[in-house]
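Each remark here refers to the structure printed beneath this line.
The values are calculated or read from the model by the stated rules, or taken from the named source; none is laboratory data. Computed from a predicted model, the values in this text were never measured in an experiment. Methodologically, a virtual Cβ is constructed for each residue, glycine included, from the backbone with ideal geometry; neighbour enumeration extends over all protein chains shown. For accessibility, only protein heavy atoms count, side chains too; no ligands or nucleic acids. Shrake-Rupley method; radii C 1.70, N 1.55, O 1.52, S 1.80 Å.
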Amino acid sequence: MNRTTSQSAFNEAQNFIPGGVNSPVRAFKSVGGTPLFINEGNGAYLSDIDGNKYVDFVQSWGPLIFGHRDESIEAAVIEAVKHGLSFGAPTEAETALAKLVVSFFDSIDKVRFVSSGTEAVMSAIRLARGFTNRDNIVKFKGCYHGHSDSLLVEAGSGLATFGTPSSPGVPADFTKHTLLAEYNNIESVKKCFEDSDAIACVIIEPIAGNMGFVPADKEFLHELRKLCTEHGALLIFDEVMSGFRASINGAESITGVTPDLVTLGKVIGGGMPVGAFGGRKEIMNMLSPDGPVYQAGTLSGNPVAMAAGYASLMKLKNNARVMAVLEGRASRLVEGMQAAAKEAGIAMQVDVRGSMFGFFFNENPVKNFEDAASSDAAIFAAFHAGMLEEGFYFACSLYETGFISTAITDAMIEDTINAAAKVFKAIANG
Ligand code: KE4
């Protein structure tokens, strides 16, 4: 495929934007090659500025469950725009979307909208600290919760559970209240509670999508719930990615574990910038202006973004079977690719939850970040490049997740499997 226009656009962008992108993963660093500059999205397809067309399995990292330019979402945005872009004052559109989110999640009585997942998580953690009057938090290695300072941490030395900054510019003081545990390992969480009696919350992606796709074991989540309750710490489910992607009623409906707070994003904005955090009234009422915990945002609850999110969630509400259909397609895709990989002598682990799917080129099942990091990155990069050449756009990092939209048909799934078989053969033949 010719990508010379993308290449020159990337060269130009790098003169004015750090790395040529506004979010690092888009730069294709971990797979190599030139990031595609997109001209448009339409239904299941992305088209780049060289005129190449791809079946899109990224969907803007999750938001576009109905594919690109969904008619009802587009109509809702165009209608909302005709009334103005932003007011910095309450609108009924915010209440309508809030009521809809509350109707889907048993754990949520009230919800506050913000403009990104990072903001949602940062605010939920402040709320948990304010509600419990404690400073420390626990997160899991491999889980990503946005780029706020206290969450940019990596494991400290030795068995220390307290984290150290994972990025320059984050003072050690900002991470000294963050403890790190290992995903799917309840003993590592117990260690955190031994090391600190001031834990405000434990935050987890119950269906992790940022170490690659690794759903937490149900038993582990039940143990985690018990531990948090025992110690008076809040359990936060970060469902910015998995919310309305794994299930329309949240991970709580799949696992039977009820969190104290949930963070959301992506699908609830329908492609527009929306994040949210919600939970029980007694916790949410601690938020300013009723309560003492401060949180604010100029464009929070933006009426155009609310209209897009409302249209997106109403489509889910009115199509009860949609998640089952998407899960069927996701399963067919990964099982077909896994069989093709096996045929070529390549080991591939796969998993699915609703419209989310993931795979690792690994002989063994992946249960945590360490396992994920032991996967074959070279095969992943070759697979990614080969599938691009065949016209299929997968996430440009093995630490990401794939998505099925309603615009992706059974025929496209079969075409993807056939293309994967061709790519795996080429990889196996070196
Ligand atoms: P944003 O600030 O990017 O809207 O959301 C942060 C966030 C929080 N929690 C979870 C579970 C998330 O997956 C994310 C963001 N996800 C990444 C995809 N891995 C966004 C893509 C990017 O960083 O460009």
Original post:
Restricting the count to DSSP beta bridges whose residues both fall in the chain, what percent are antiparallel, rounded to a multiple of 5?
Top reply: 60 percent
Subject >> the stretch 156-202, relative contact order [Cα under 8 Å, separation at least 6], % >> reply: 29 percent
Subject >> Accessible area of the chain belonging to carbon and sulfur atoms, whole % at 1.4 Å probe >> reply: 52 percent
Original post:
Fully extended, how many nm does the chain gain between GLU370 and ASN285 (0.36 nm per residue separation, minus their Cα-Cα distance)?
Top reply: 26.7 nm
**OP:** About the Cα centre of the stretch 294-430, how large is the charge dipole given +1 on each Lys and Arg Cβ and -1 on each Asp and Glu Cβ? Please answer in debye to the nearest 20.
**Re:** 520 debye
Original post:
How far is the Cα center of the stretch 161-237 from the Cα center of the stretch 395-410, in Å?
Top reply: 27 Å
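Which entries of LYS110/LYS226; LYS141/LYS266; LYS29/LYS422; LYS99/LYS191; LYS29/LYS266; LYS139/LYS425 show an alpha-carbon separation above 31 angstrom in the structure shown?
Correct reply: LYS99/LYS191; LYS139/LYS425.
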Original post:
Heavy-atom accessible area per residue, the chain, 1.4 Å probe: how many Å²?
Top reply: 42 Å²
**OP:** Let me know the charge dipole size of the stretch 71-318 about its Cα centre in debye, to the nearest 20, where only the beta-carbon of Lys, Arg (+1) and Asp, Glu (-1) is charged.
**Re:** 300 debye
**OP:** List the relative contact order of the stretch 347-430 as a percent without decimals, with contacts defined as Cα pairs under 8 Å and 6+ residues apart.
**Re:** 26 percent
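Please give the charge dipole size of the stretch 140-206, origin at the Cα centre, charges +1 on K and R Cβ atoms and -1 on D and E Cβ atoms. Round to the nearest 20 debye.
Dipole size: approximately 60 debye.
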Original post:
Once whole DSSP H runs in the chain are found, which of them have Cα atoms spread over 24 Å or more along the helix axis and a mean Kyte-Doolittle score of at least -1.0?
Top reply: 322-343, 410-428
